[in-house]
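Throughout, read-outs are computed from the coordinates displayed, never taken from laboratory work. Here the structure is a predicted model, which means the values were calculated and not measured. Cβ sites come from the backbone with ideal geometry, for glycine too, and all protein chains shown count toward neighbours.
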Amino acid sequence: MDYSKLVAISGMPGLYELINSKTDGVIVRSLEDKSTKFVASRVHNVSHLESIEVFTTGDNVNLAEVFFAMEKNADLPDTKDETAVKKYFQKTYPDLDFEKVYNSDLKKMVKWFDVLKKNNVEIKLPEEPEEEPVEEIKELEPKPEPKAKKEKAAEEKPVKASTKKETKKEEPPAKEKPKKTAKKTEEKPAKKKK
């Protein structure tokens, strides 16, 4: 199972593997009971685990970095005891901003980490796209054209404008179609009334 395909869904507990996405939602498989579900995007928000960041006292960190720190301290606390969970994270990852990261978020991280370990998922940091080196342009300003070329270009411009008008006039006229004439029908004498 690939860490990059794992998602969290708002309003639904646990973690899910993204199987397929559609225009109106996604198809996911639960990591806990292996059931497959369709999740409508109008009702739920789907977040990839590798895109989730956690508030710290400095810059925000990716959730995977917190999971790496949790691997070093394998004794997971009971999620029902809020003080134990908070003490666990104060010891495991002390840079967390505990004013912005709520207890419910801390509990969620413990549950998610437990599910990942039970399913033997290898936690990976998201790969940042490599930036291609940008070549420096030595020439910042365009070279000035010689005067002869500038004069020649100025002379050509009016000519081009006039050639456009001439091309419209010189277009061969459409073939004249012969006018359709109505067939002359012979006039029949009117019937006499008796």
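Listed from fewest to most Cβ neighbours within 10 Å, the set 123, 52, 19 follows the order 19, 52, 123. What residues from segment 22-59 fall in the zone where the backbone N is under 14 Å from a label point 7 Å along the Cα-to-C-beta line of residue 10? Within reach of a label on residue 10, which here means backbone N under 14 Å from a point 7 Å along Cα→Cβ, segment 22-59 contributes 40-48. Taking the fewest neighbouring Cβ atoms within 10 Å as the starting point, the ordered list for 93, 3 is 3, 93. Sorting 56, 36 by the number of Cβ atoms found within 10 Å of their own Cβ, with the fewest placed first, yields 36, 56.
Of the cross-linked pairs 37/91; 72/124; 87/117; 34/111, those separated by over 26 Å at the C-alpha level are 37/91.
Can you tell me how segment 3-49 classifies by the Cα gyration tensor, rounded, prolate or oblate, using a/c under 1.5 as the rounded cut?
rounded
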